[in-house]
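The values are calculated or read from the model by the stated rules, or taken from the named source; none is laboratory data. Owing to the predicted nature of the structure, the values given are computational and were not obtained by experimental measurement. Note: ideal-geometry Cβ built from the backbone for every residue, glycine included; neighbour counts use all protein chains shown.
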């Protein structure tokens with residue numbers, strides 16, 4: 001796990017302590033929850049923006065969004081999202097496919113029955 005530190009004024013810290021105590025959690029737990037709740041919609045927007053721009057694919061967008069797979073696909077459907085695949089990636093994939101030797105995957109022909 002990673003750690004993030006920031007400074008607060010004394011009065012801000014006291015407010016957080018009172019809030020955390022009233023909810024039965026620690027100050028770091030309270031702040032973490034608040035930050036994650038605040039950025040949740042921003043993550044979704046960013047994920048779909050980057051997907052639309054072709055900067056990331058569907059899987060990375062799903063992970064970035066923070067949604068479970070079902071929620072992500074519902075959001076995908078609502079937005080009419082499309083995965084943009086850069087031409088370079090398509091060209092590279094085509095070259096790889098052309099270079100495959102499919103003979104080793106084919107069944108050897110058996111002799112015709114007599």
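Among the residues of this structure, residue 86 counts as one that is surrounded by 10 or more Cβ atoms within 10 Å (Cβ to Cβ), on the phi < 0 side of the Ramachandran plot and either modelled with pLDDT under 80 or touching a strand residue (DSSP E or B) at 6+ places or on another chain (Cβ under 9 Å) (or both).
The rows are residues; the columns are (1) loosely packed, with under 12 Cβ neighbours inside 10 Å; (2) more than 26 Å from residue 85 (Cα to Cα).
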| position | (1), (2) |
| --- | --- |
| 5 | yes, yes |
| 16 | no, yes |
| 24 | yes, yes |
| 56 | no, no |
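Taking residue 50 as the residue in question, decide whether it is surrounded by 15 or more Cβ atoms within 10 Å (Cβ to Cβ), modelled with pLDDT under 95 and under 13 Å from the mean Cα position of the chain (by Cα). The answer is yes for residue 50. Would you confirm whether or not region 7-21 contains a residue that is within 13 Å of the chain's Cα centre (by Cα), free of Cβ contacts under 8 Å to residues at least 40 places away in the same chain and either part of a helix (DSSP H, G or I) or within 30 Å of residue 89 (Cα to Cα) (or both)? Checked against the condition, which is being within 13 Å of the chain's Cα centre (by Cα), free of Cβ contacts under 8 Å to residues at least 40 places away in the same chain and either part of a helix (DSSP H, G or I) or within 30 Å of residue 89 (Cα to Cα) (or both), region 7-21 yields no hits at all. Selection of region 30-47 for residues being surrounded by 15 or more Cβ atoms within 10 Å (Cβ to Cβ) and more than 19 Å from residue 4 (Cα to Cα) yields 44, 46, 47. Confirm whether residue 100 is out of contact with any helix residue (DSSP H, G or I) (no Cβ under 7 Å at 6 or more places or on another chain) and either under 30 Å from residue 7 (Cα atoms) or assigned to a loop (DSSP other than H, G, I, E, B) (or both). So residue 100 passes the test.
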